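Let me begin by presenting the structure, written as structure tokens, before commenting on it.
The values are calculated or read from the model by the stated rules, or taken from the named source; none is laboratory data. Please read these numbers as outputs of a predicted model, since none were measured by experiment. Quick reminder, even Gly has a Cβ in these numbers, built from the backbone with ideal geometry, and neighbours come from all protein chains shown.
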Amino acid sequence: MTPRYIMIGGFLGAGKTTTVGRLARHYLAQGKRVGIVTNDQTTDLVDTHTLRSQGFEVGEVAGACFCCNFNELTSTVEQLGSDERPEIILAEPVGSCTDLVATVIRPLVQVYQQPLDVAPYGVILKPSHGLRILSNSGRGGFSPKAEYIFRKQLEEADFLIINRLDELTAEQVNELTTLLQEQFPGRPIVRISARTGAGFDQLCDFLDQRGAFGQRVMELDYDVYAEGEAELGWLNSQVVVDAPHEFPLDNLLVDLIDRLRRRFDAVGAETAHLKSIGLWEGFYGVANLVSSFTPPELSLPSNCQVKQAHVVVNARVAIDPELLAQMVRDEVAAAAAALTLTHRIETLQSFRPGRPVPTHRIPTT
């Protein structure tokens with residue numbers, strides 16, 4: 001059987017990982033073999049840890065986006081499944097990338113030598129930034145160059161996904177729908193909550209469609225794209241915390257995210273996505289912050305008391321990477337001290353993404 005390749009795009013913090021996890025459970029319930037490919041500019045992904053903690057088989061393309069590391073993507077796809085290849089391959093690209101139809105989907109169809117059945121390309125709209133950016137309010141939080149990437153991601157989609165129905169009012173859903181219809185006409189719109197599963201039947205119906213997808217020809221200014229990506233400081237870090245007494249793991253994760261939120265607010269640095277996962281002997285919890293104007297959330301509670309935990313922090317913030325690294329060091333120490341924990345930072349990487357240089361680019365159908 002030819003594997004079905006499903007890629008779910010969307011901006012940083014749109015809810016791609018939660019959506020991919022729910023899709024994986026959906027296909028597993030149908031008795032299908034499922035593999036997942038995550039992607040980032042560096043290693044130590046909260047997303048990879050989160051999905052593996054849920055029991056999924058996950059391959060990671062690290063060190064560059066799918067488009068700039070196409071051969072690593074295809075190699076990772078081939079390595080999924082120790083005994084049999086997956087029937088469903090779910091791929092989650094870097095949230096600051098665009099032009100994925102020309103640099104990933106079309107090369108998979110026209111260059112890659114192994115057969116893949118490519119599904120329609122769905123892009124998740126991030127409501128928190130989306131309402132502000134698409135309404136041209138001037139309060140989107142990012143520079144025009146970063147907003148350019150946000151819009152281009154939506155432009156190339158076969159269909160669009162409004163996520164977080166559980167957090168939006170009916171009026172907000174209607175406003176987002178109208179804005180998308182006006183600015184990106186001709187694209188079907190699916191409304192879902194990746195957290196609760198609302199609307200997932202319709203999403204799966206779209207993904208099950210067969211036909212010629214990835215047909216949208218999109219002009220892209222790679223100079224603006226590169227400068228927009230480079231405005232974001234990226235940080236990945238691994239920390240070990242421990243104490244002679246038990247402490248609530250979820251409280252640590254949320255407190256750390258909230259401390260960092262306040263630090264970023266103090267210097268006017270917009271958060272694209274900030275997330276932490278705490279792991280301990282099969283238990284895990286995840287806390288997130290998806291913008292500077294929304295509160296931190298405990299997206300996956302661990303509900304456990306522990307004496308030791310491994311904590312992974314990923315930050316994507318419009319700030320100098322060196323300053324970002326210092327803030328994370330400071331607030332990890334402060335959050336640990338608040339619970340009388342000792343901590344050890346095992347790894348910490350911070351940088352700005354480099355200019356995207358795709359392995360292949362097929363801009364025309």
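Before moving on, here are some points about what is shown:
- Within the stretch 154-211, restricting attention to residues that are of a type in the set (Asp, Glu) and over 30 Å from VAL109 (Cα atoms), the residue that is surrounded by the most Cβ atoms within 10 Å (Cβ to Cβ) is GLU175.
- Scanning the stretch 322-345 for residues that are assigned to a strand (DSSP E or B) and farther than 27 Å from GLU229 by Cα gives THR342, HIS343, ARG344.
- Count of residues meeting criterion [among the β-branched types (Val, Ile, Thr) and either out of contact with any helix residue (DSSP H, G or I) (no Cβ under 9 Å at 6 or more places or on another chain) or over 29 Å from PHE56 (Cβ atoms) (or both)] in the stretch 258-287: 1
- Selection of strands (runs of 3 or more DSSP E) fully inside the stretch 189-299 by the criterion of at least 3 residues being more than 18 Å from GLY15 (Cα to Cα) and outside the structural domain of GLU167 (by TED's automatic domain parsing) returns 233-248, 271-280.
- Residue-level check: of (1) exposed (fewer than 15 other Cβ atoms within 10 Å of the Cβ); (2) assigned to a helix (DSSP H, G or I), GLY138 misses just (2).
- Considering residues of the stretch 10-29 that are closer than 15 Å to HIS129 by Cβ and among the small types (Gly, Ala, Ser) only, the residue surrounded by the most Cβ atoms within 10 Å (Cβ to Cβ): ALA14
- Residue that is at pLDDT below 95, in the same structural domain as ASP158 (by TED's automatic domain parsing) and either in a loop (DSSP other than H, G, I, E, B) or in contact with a Ser or Thr (Cβ under 6 Å, 6 or more places away or on another chain) (or both), where the choices are PHE56, PHE70: PHE56
- Some residue of the stretch 249-263 being touching a Pro at 6+ places or on another chain (Cβ under 7 Å), modelled with pLDDT of 95 or more and β-branched (Val, Ile, Thr): yes
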